[in-house]
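Read the figures in this text as sums done on the coordinates, not as results from a lab. Predicted model only: the values in this text are computed from it and were never measured. Cβ sites come from the backbone with ideal geometry, for glycine too, and all protein chains shown count toward neighbours.
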Amino acid sequence: MSIETNSQETPIEYAKRATRETAKRLARFFSIRLVLQIITIIIGVYITILVANMGGYVDTILKASIIEEVNMEVSAMVSEKDIPREMREQMVRDLVEERERLAGLDQPFITRSFHHLWNGLTLNFGRARFMVSDHGSRMVRNIILERLPATLLLMGTSQLLLFFVTLSIALAVSRHYGSFWDKLIVAMSPTSSIPPWFYGIFLILIFAAWLKVLPFSGMVDAPPPPTKLGYFLNVLKHLILPAGSLFISSFFINTYSWRTFFLIYSSEDYVDMAKAKGLGDRAIERRYILRPTLPSIITSFALLMVGIWTGATLTETIFNWPGLGTTIYTAISKYDTAVIVGTTIIQAYMLGITVFFLDFLYAIVDPRVKLGGGK
Amino acid sequence: MSKFARILSLLLVTVLLGGMLIACEQKPVTPEPPVDEVPVEEPVEEPVEEPVEEEPVEEEPVEEPVEEEPEPEPTTRVGGWLDEIVVSIIDAPSVIVQMEADAVDVYVNGFGTNDLDQLNDSGLPYTTSNGTYYTLQFNPAEFNEGLNVFRNRKIREAFNYLIDRNYINQEFYAGGALPKWFAIMTNFGDYALLADTARRLETKYAYNFEKAKEIIDAEMEAAGYPLTDGKYMNADGEQYEVIFLVRNDGDGTRKAWGTYLTGQMEKLGFAVNFKEGTGGDLGPIWIAGDPKAGEWHMYTGGWGASVLNRDQSNIFQEMYLPTSAQGLPVFMENDSDPEFQELGDKLYNREFTTMEQRAEMMARALELSLEDSLQVMIVDSKRFVPHQEGLVVTTDLAAGVESAQITPFTLRWEGQEGGTVRWATQPFLFNGPWNPVRGSNTTSDQGAVRMTVGYATTYDPYTGLLNAFWVDKAEVTVQTGLPVQKTLDWLTLDFADEIVVPGDAWADWDAETQTFITVDEKSGGEPVTATAKAVVYFREDLFDVVKWHDGSNLEMADIMMSYIMGFDRAKEESAIYDKQPVGAFNVFMQTFKGFKIVSTDPLIMEGYQDTFSADAELLVPIGYTWINNFQGEGSFASYAMMNSAEAAHELAYTESKALELEVEQTSTIGGPSLEILTKHLDQLIADGTIPYEPTLGQYITKEQAIARYQALKAHFEKYGNYHQGVGPYFLKSVDLNGKSLVMAHWDQYPDLADRWSMYSAPKISDVEIDGPGQVVGGEEATFDIYVTFQGKPYELADIKQVKFLVYDAENNVVIISAAEAVEDGHFVITFSGEDTAKFGDGATKLEVAVISIAVAQPTFETIEFITAQ
């Protein structure tokens, strides 16, 4: 978009007007983006609430579970005692009613669904209905926060390592198209169809069961080493296999993808021109290959950073890794809406914020991109 | 490393090498668009605890004793045999690999019967205990629309013939379960006493497809669905469709035998609508749904038993009758046979006066239960706990290893004092907060807590009777005419025409004045009577030798604190009132008549209740109160601290109250609770508060209370937790996120480590029958029965009875009687000429059931011989 010049304007006035116009344009652009992001988040979270509750059918499941639980309890209570049947039945009725009330089942699902939505959007995660944190807290915040470090450690280590290693190798391999290493990457890329937990089982069998050099599972030995350094080293030792399985699982396909991506840019005319001008490999890589691919790399990296918050459910399960992935899964299986909404809203906000700021970044790193569009 | 692991490793290496070879030959490919996404994992179903629909409690058999008994040796060691028990979690699928790699010593949760083959292949030793038992549950309701043929008892009964229980056991449970016909637990307690009836009925209701077909064809025809072209069709040409709800979670065996049964029904002529799902999926239909709505006909039931229930008089009402305490709509819809209804209710209410009368009623009820068949029993499954060679693991025949009270006292390395055991459990450790009143109740958490506990009386793992633990003796008195018996010597049993409760005994609690209400005060001076009374004498040095894990001596204030709280929490006037215990409290008060502290040094208590048990041992608890609660023990100091936080509405013992108040549930081992508890403990130290002072002030002084609080604080500062107990191990450390904990040996425990060594292995007898291979009808014949345990003759004093049954060539029971004792381990059966004349011609089978006093599981043995007339 360009700003029309006015013949009576001085250059300074023109510059000021252009700045004002740009600011207005940016403000309008970001306002619209912000509103759209918020609407998207609201819709996404509400859909999550509906899905997690099976559109309200979970109420029926929970009520059945309460009836069963209460009947078992009362049955055990009155066992071998001469308790009148009426009293027994009244106890069941009272307990069922009380537990349904505590579980919020005395309110219509639709009312509760908006309650969950509002709490989530205002980051008031509240209390879990069924889950407790390892430390015994019912605060959703505590449930998430206590699992987050383990997930960030596992996912952060494996995914950041994966990102930078595959990017570097892909760049190098793309410069040696058809070489042995290039062919190896291509040939091995189908192995990434094997999920990380499957590699995890292999690695456990080899390094824990057979060689006995690494632990089977967990984040730290039981009992943990008493010193901080010992604890740190012990965690690292436990990290090798789960992080390794996540790394191996995606290594070849990621390298292959980046290598292919770089190859496309490597075959552009301007790269050939640069080569013809006699520029060195490093300079060509930096100026003519990496620079135009930077928005894609940044996008990929930003989404990766969002992704590491979700954890890796199966890998965490295989390795008994106390991460967020298993927590989210448990919340889903227990229909604990507060925890599901809590984790979802964090994801949604992070994704929204990331996408929002990516627009800025695109404009900074790629001169071809202008914010706000224009005529 | 296992063969499987080697093969997998080899495969991986092959894939890698293959990739490299391909790389050497492959031509460059055309570049493709980039892929940015990181692969995302699919969620997998987390293992869940075995869902148990109801709660009948029973007893069970053991196939082979595999535990090794330690060499008897004098020891000076006190408490547990081990220095440390390290508890951590493990995923079931990796257990065997980890045990083979020596990374784990015992997997206490154990495997189900469906995993038995895999366990046997591993070569690991294992113990055996009860598992879930499975049933086919019918919907007996009259549907609002359409016909429900399972309202017809004859059709339900015929399913006993339709189901080949032995096939199910062999095919889906690796032969490790027990085919089941009755609600009482197979091969245990009542089953042993009723062995003759049980065996006769099992023979009668053995698999017989043709008989099932004959009955069901006739009943379906009468119902308007005659068999037409192999299908039950009505006049409109519609085939009768059965909606079969099949659970596909848990160990997966319900789906397997559900599929088998579907095939059997389709062979008969039913159309089966096979609806599979998890407990959560099907619960709304069969539990919460209206049975009359016709949404289902049959359901694959699974029930748990965690206690060796010696008296299953209540089981018929609970499992079949509309008056069932289960209270589920489906039970209430059963139109039961009036005789069965009356019998089941009488047995539930124990309306019998002698054990012989009870046995007759139970035998008849067994028969009627098969005729009713609201539930057709399928199998009693088992659980197998694998452990390393050399580890001595005691299993409670019902509770297994993890849930057994005896486990911490007997767990040891054979022939060794000290050492560490790596105890692996399901991933349900720290599944909730720990607090003695209402902490987490997962088996993983309770299994760990149980290591820190001491007892007044404790359950015998093999008989279900109560043994004296820190009680010296007890005197039980019951009303004359009640059929109560006594087995063990540490108690006496007397009968009295009337048991009057003393006027000064406590009958209730006044939460406002914080004093007990006496019987006289409550009854206005009217005499109060009870059906049972127990006087319990604790060991004389109890308060000198039993110490809390914070180093304080056990005191009368500890016991009284715990007792008071049992009343106080259920009283609305109390500062720690909670709705949660009110129901159980009201039930307790229905039968509670009075309680009295006779003496505090030595400690003697007596209690009065309107309750009843066929075993006097099980009546002893009415005569004492102890420091145990729902989850472990609480000391005077720890309860004072937790009560203070509860009264301030900063924490709550129960989940429901915590939800109500929107505060955290009390945890003694971690989380936000610790800071709050510490604040209240500091306040107690500063104020020298004695809770419930009008009553507890009689048992503890302010200075003593402060000393107790300070000891608890010192313990917390050293170990980082407030968990208290008087058991053989104390909680040394926890890693809540890592889900592990360390229980360490409690050096100040009063008893020697070998006190419970006799429970290293269940005294299940081996039986051999010796007799002629051929018997002539009309002539006398003699058979010798040799009963041994670990190669030595079984003492006569430990054998209750040796029953036998004789089956003729057509499998009819022709004689039921008892063998005669000759000497330890030797019995004899002498058949007169009149007896052998009943055998008929052909193959005759003699089955012997040895019923022990030392273990609730009888041993069965058979011999076949030829009879010629």
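Model label points for residue A:13 and residue B:241, set 7 angstrom from Cα along the Cα-to-Cβ axis, are 8.4 nm apart. Note on the protein assembly as shown: dipole from Cβ charges, positive end direction compared against B:625, B:674, B:802; the farthest Cα belongs to B:674. Annotation: aspartates and glutamates with alpha-carbon distance below 16 angstrom to residue B:679 (same-chain offsets under eight excluded): B:646, B:650, B:664, B:687, B:717. Applying both filters, DSSP loop and at most 15 other Cβ atoms within 10 Å, to the GluC sites (Glu not before Pro) of the range B:523-603 gives B:540, B:572, B:573. Shown is the FRET efficiency for residue B:492 and residue B:832, computed with R0 = 35 Å from the Cβ-Cβ distance and rounded to the nearest 0.05: 0.25. For the options A:158, A:245, A:168, a Gaussian network treatment of chain A with springs between C-alpha atoms closer than 10 Å singles out A:168 as fluctuating the most. Within the range B:80-186, the GluC sites (Glu not before Pro) that combine a DSSP coil assignment with at most 13 other C-beta atoms in a 10 angstrom radius are B:142, B:145.
Put simply, when A:206-216, A:57-67 are sorted by average Cβ atoms within 10 angstrom per residue, most first, you get A:57-67, A:206-216.
For the range B:545-618 versus the range B:840-856, the inter-centroid distance based on Cα atoms is 45 Å. The Rg/Rh ratio for the range A:233-375, using Cα coordinates for both the radius of gyration and the Kirkwood hydrodynamic radius, is 1.10. Projected onto its three principal axes, the C-alpha set of chain B covers 97, 87, 63 Å, listed from the longest axis down. For chain B, a crude dipole built from +1 on the beta carbon of Lys and Arg and -1 on the beta carbon of Asp and Glu, taken about the Cα centre, is about 700 debye to the nearest 20.
For the protein assembly as shown, the residue among B:499, B:444, B:80 whose Cα projects farthest onto the positive side of the dipole built from Cβ charges is B:444. Whole-percent P(r), the range A:148-272, all Cα pairs, 10 Å bins from 0: 13, 34, 28, 16, 7, 2, 0.
Counting only other chain Cβ atoms within 10 Å of each residue's Cβ, the peptide B:661-670 averages 3. Simple point charges give the picture: +1 on the Cβ of Lys and Arg, -1 on the Cβ of Asp and Glu, and for the protein assembly as shown a dipole about the Cα centre of about 7960 debye. From the alpha carbon centroid of the range B:341-419 to that of the range A:335-361 is 52 Å.
Summarising the amide proton neighbourhood of residue B:479: residues at separation of 5 or more, or on other chains, whose placed amide H is nearer than 5 Å comprise B:496. With a Förster radius of 60 Å applied to the beta-carbon distance between residue A:24 and residue A:237, the computed FRET efficiency rounds to 0.60.
The range B:739-766 and the range B:283-332 have Cα centres spaced 37 Å apart. Peptide A:179-187 shows a mean partner chain C-beta count of 5 within 10 Å per residue C-beta.
Write out the GluC sites (Glu not before Pro) in the range B:209-263 meeting two conditions: DSSP loop, and at most 15 other Cβ atoms within 10 Å of their Cβ.
Listed in order of number, the matching sites are B:238.
Just so you know, the averaged projected area of the alpha carbon convex hull for the range B:798-869 sits at 4.9 nm². Here the Debye sum runs over all C-alpha atoms of the protein assembly as shown as equal scatterers in vacuum, and log10 of I(q)/I(0) at q = 0.09 Å⁻¹ comes out as -1.26.
Take chain A, connect every pair of alpha-carbon atoms lying under 10 Å apart with a spring to form a Gaussian network, then pick out the residue of A:90, A:37, A:107 with the largest mean-square fluctuation. Sorting by GNM fluctuation, first place goes to A:90.
Provide a whole-number value for the mean count of partner chain Cβ atoms within 10 Å of the Cβ atoms in peptide A:308-317.
3
For residue B:102 and residue B:679, the FRET efficiency from 1/(1 + (r/R0)^6), where r spans their Cβ atoms and R0 equals 45 Å, is about 0.50. Once the mean of 1/r is taken over each pair of separate Cα atoms and inverted, chain A shows a Kirkwood hydrodynamic radius of 25.5 Å. Once C-alpha pairs closer than 8 Å and six or more residues apart are averaged by separation and normalised to the residue number of chain B, the relative contact order reads 15 percent. Span-like helix check, chain A: qualifying full DSSP H segments, with Cα axial length of 20 Å or more and mean Kyte-Doolittle of 1.6 or more, are A:337-365. For the pair residue A:357 and residue A:145, the difference between a 0.36 nm per residue extended length and the Cα-Cα distance amounts to 73.8 nm.
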